[in-house]
Amino acid sequence: MGLTNVRGVPGWERRAGAATIIDGKGIAKRLREELAREVAEFVAERGHPPGLATILVGDDPASAVYVAGKHRACEEVGIRSFAHRLPADASGDEVEQLIDELNADDAVSGILCQLPVPPHLDGVALTGRIAPGKDVDGLTVASAGALALGRPSLRPCTPAGVMHLLAEAGVGLAGADVVVIGRSNLFGKPMAQLLLMADATVTVAHSRTEHLPDLCRQADVLIAAVGRARMVRGSWVRRGATVIDVGINRTPDGLCGDVDFEAVAAVAGAITPVPGGVGPLTIAMLLRNTFEAARG
Ligand SMILES: NC(=O)c1ccc[n+]([C@@H]2O[C@H](COP(=O)([O-])OP(=O)(O)OC[C@H]3O[C@@H](n4cnc5c(N)ncnc54)[C@H](OP(=O)(O)O)[C@@H]3O)[C@@H](O)[C@H]2O)c1
């Protein structure tokens with residue numbers, strides 16, 4: 001079945017008789033354009049751009065690709081970026097020392113330590129060393145605690161991106177039944193907190209959850225962040241539900257999400273594709289957090 005654009009509805013595409021496809025790529029592009037204007041105003045006022053420092057320990061190729069993408073995105077909106085690369089055998093002390101230097105550097109508004117770090121290092125402890133005001137990934141204990149208490153802080157980029165997609169898709173969350181599959185610190189837990197703040201009724205499922213398909217079928221909004229290719233079947237989804245696919249899985253047929261896209265799109269009301277759904281929002285939110293951190 002071919003895709004047809006709905007004219008006059010930017011960032012949206014509709015397929016006849018099936019789900020609306022939420023165009024994360026288009027939505028993120030608009031966010032970045034808006035941000036580029038705000039960054040230009042900031043530079044005119046303050047005389048310097050916001051700055052993002054990234055720390056990459058080791059030579060994991062996927063991490064290197066992600067970090068390079070973040071630098072390119074910074075450049076596009078006028079944010080300065082500083083790439084720090086340490087060898088795979090760097091000690092915890094070396095990484096901590098670098099984080100301390102970046103915490104003290106006024107040109108650096110945001111710091112990101114690319115995870116996962118090599119196994120001899122403690123990623124949570126290293127991230128925790130980042131000053132809360134520069135924690136653009138929103139993953140330190142201070143940021144997670146502020147989120148749990150509903151206090152202002154920099155929010156984790158991927159869940160914040162999903163909230164933006166849901167808002168753009170016009171999905172009402174107050175009183176809605178939302179099922180999040182996955183309970184990671186990076187995504188599932190902060191996602192649940194943001195949804196609660198928006199008055200949704202939230203269920204968080206994980207590998208020990210029983211009767212997962214039945215649970216998913218009750219959801220008005222189903223969010224999958226597992227890391228298992230095409231796990232969510234068409235029969236798991238209530239007709240008309242909104243389905244957000246956070247998963248990124250590399251398979252012999254290319255990149256795919258945690259949702260069996262074709263089958264689910266036939267029953268869902270709206271769905272995000274992979275690629276081009278949640279991923280572009282994650283980067284847009286990182287840029288937005290860096291800007292917010294610079295603004296203070
Ligand atoms: N698009 C983006 O920008 C973006 C950003 C972040 C992550 N991701 C992708 O999102 C996915 C999840 O990332 P993550 O960091 O949250 O992964 P993670 O830390 O590995 O967490 C995976 C979660 O899925 C649960 N799970 C595993 N098998 C399951 C099953 N059979 N049934 C139900 N739940 C199951 C796990 O349960 P337990 O807790 O019981 O083990 C865990 O809570 C990955 O594909 C990742 O690449 C994408």
Subset of the stretch 39-55 [in contact (Cβ under 8 Å) with a residue 12 or more places away in the chain and among the small types (Gly, Ala, Ser)]: ALA40, GLY51, ALA53
Qualifying residue in the stretch 253-267 (condition: touching a residue at least 60 places away in the same chain (Cβ under 8 Å), among the hydrophobic types (A, V, I, L, M, F, W, C), out of contact with any helix residue (DSSP H, G or I) (no Cβ under 8 Å at 6 or more places or on another chain) and more than 10 Å from the ligand (Cβ to nearest atom)): yes
Strands (runs of 3 or more DSSP E) lying entirely in the stretch 49-131 (those with 1 or more residues that are touching a Pro at 6+ places or on another chain (Cβ under 9 Å) and closer than 30 Å to ARG30 by Cβ): 80-86, 110-113
The lone exception for GLY182 - which of (1) buried (at least 19 other Cβ atoms within 10 Å of the Cβ); (2) more than 22 Å from LEU112 (Cα to Cα); (3) away from the ligand (no atom under 16 Å from the Cβ) it fails: (3)
Matching residues, the stretch 257-296, being among the aliphatic types (A, V, I, L, M) and either under 30 Å from ASN103 (Cβ atoms) or touching a Pro at 6+ places or on another chain (Cβ under 7 Å) (or both): VAL278, LEU281, ILE283, ALA284, MET285, LEU286, LEU287, ALA293, ALA294
Filter result for the condition that a residue is surrounded by 21 or more Cβ atoms within 10 Å (Cβ to Cβ) and within 16 Å of the ligand (Cβ to nearest atom), over GLY161, GLY123: GLY161
Given (1) within 19 Å of ARG129 (Cβ to Cβ); (2) among the charged types (D, E, K, R); (3) at pLDDT below 95, number of the condition GLU101 does not satisfy: (3)
Residue list for the stretch 231-252, filter: near the ligand (Cβ under 10 Å from one of its atoms) and more than 17 Å from the chain's Cα centre (by Cα): MET231, VAL232, ARG250
Single residue of the stretch 1-48 satisfying the filter (at pLDDT below 95 and outside any loop (DSSP other than H, G, I, E, B)) that is surrounded by the most Cβ atoms within 10 Å (Cβ to Cβ): TRP12
Matching option when the condition is surrounded by 19 or more Cβ atoms within 10 Å (Cβ to Cβ) and farther than 25 Å from CYS157 by Cβ, among ASP253, ASP260, ASP220: ASP260
In the stretch 132-142, the residues that are crowded, with 24+ Cβ neighbours inside 10 Å and either outside any loop (DSSP other than H, G, I, E, B) or without any contact (Cβ under 8 Å) to a residue 12 or more places away in the chain (or both): LYS134, ASP135
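The values are calculated or read from the model by the stated rules, or taken from the named source; none is laboratory data. Note that this is a predicted model, so its numbers are computed, not measured. Backbone-built Cβ (ideal geometry, glycine too); neighbour counts: all protein chains shown.
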